[in-house]
Amino acid sequence: ILVTGEGNSTTTNLQQGLAKVWIELRTVSGSPADGDSLNVSSLDDDATGRFTVHPSNNMGGVYNSKTMSPYSTTNTDNMIQVVGYDDQSASQFQLTSVDEGNSAADMTSLGFTVHGDLA
């Protein structure tokens, strides 16, 4: 679907601009929980501060635009400092979080969004 921009001079592909995967990931007693999501089939608990999100429908490739935002941690003394991801395949996203002391830490809530093309 093409949408005409302001001034009628350009068009934007609406489908390419939509989020293809999103999740509000929570940890409950150290285990991942899907608070709410789109296109997520399952979650893996890989280790403290390390989770894998599996989309229901794979992405078209490994390289996509990803955005993450931690809300808080289970350790109130050290807030999450770094959240990262490892591109391993089009069928999973591994998320990692560490606290201010550079130690692996589970977050109580994390927003994660992926934009790109589905397979």
Practice item. Among the residues of segment 75-99, write down those that are farther than 17 Å from Phe51 by Cβ and modelled with pLDDT of 75 or more. Key: Ala90
Study note, to complete from the structure: Residue pairs within 9 Å by beta carbon, gap of at least six or interchain, first lying in segment 39-60 and of a type in the set (Val, Ile, Thr), second open to solvent by less than 50 Å² (accessible area, probe 1.4 Å) and part of a loop (DSSP other than H, G, I, E, B), listed first then second, are Thr48/Gly30; Thr48/Ala105; Thr48/Asp106
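The values are calculated or read from the model by the stated rules, or taken from the named source; none is laboratory data. Being a predicted model, the structure only gives us computed values, none of them experimental. FYI the Cβ positions are ideal-geometry reconstructions off the backbone, even for glycines, and counts take in every protein chain you see. Ligands, DNA and RNA are excluded from the accessible area calculation, which covers all protein heavy atoms including side chains. Shrake-Rupley method; radii C 1.70, N 1.55, O 1.52, S 1.80 Å.
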